[in-house]
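Beneath this line is the structure, given in structure tokens, with notes to follow.
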């Protein structure tokens, strides 16, 4: 479904990714793990069009997307849940969800999508008129994922979904992401909570200093030394 080949990307004179190649098959959940500053967020931004790769290709369902604007990449079926959630805090839950369905194809099935999101996240269904900025951190993350689902994506990019959440909410969030996956969505997540994310995904890549250092099935990587290091922080 998604294939990156030798992607190099960065900001100004700084290069954050070097020759990164990875793949995500339809129906898979894949994680990219690594320490702070490894380039994980840059990787998702290069896929979703927030930055243009300097070299390499980003192919999604046979179409080359490298260098395309973000709105075009959303239209191809890729939704990005950014680090820090980036909600509209003064808008209500319902209004934030409506913002996620701006594509004509999504607007045509708005009611169906809204009911699906509310079924996945009952906490949102209970407070559609509450301002997003007044929600708890966990509820805001649910809303950010729900807003992405409103575009009816084929692939969801999750950038550090557990960041800033209390431990009990982290466990709840990963359970909710598991439910999203069971709905048939394909997921590519970058996450520092390595132990939890490896329980959720099929495969994972280790990214260090902008390069892929290791890849494999999640169950196999869970036994590697870098996971033991992750238990006390990279």
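A few points about this structure:
- Residue within the stretch 123-142 that is touching a residue at least 40 places away in the same chain (Cβ under 8 Å) and on the phi > 0 side of the Ramachandran plot present: no
- Filter pass, residue 181 being touching a residue at least 60 places away in the same chain (Cβ under 8 Å) and closer than 22 Å to residue 221 by Cβ: yes
- Filtered by the rule that a residue be assigned to a helix (DSSP H, G or I) and surrounded by fewer than 20 Cβ atoms within 10 Å (Cβ to Cβ), the stretch 140-169 gives 167, 168, 169.
Here, each number is a calculation from the coordinates, and none is a lab measurement. Note that the structure is predicted; figures quoted are calculated from it, not measured. All Cβ positions, glycine included, derive from the backbone under ideal geometry; neighbour counts span all protein chains shown.
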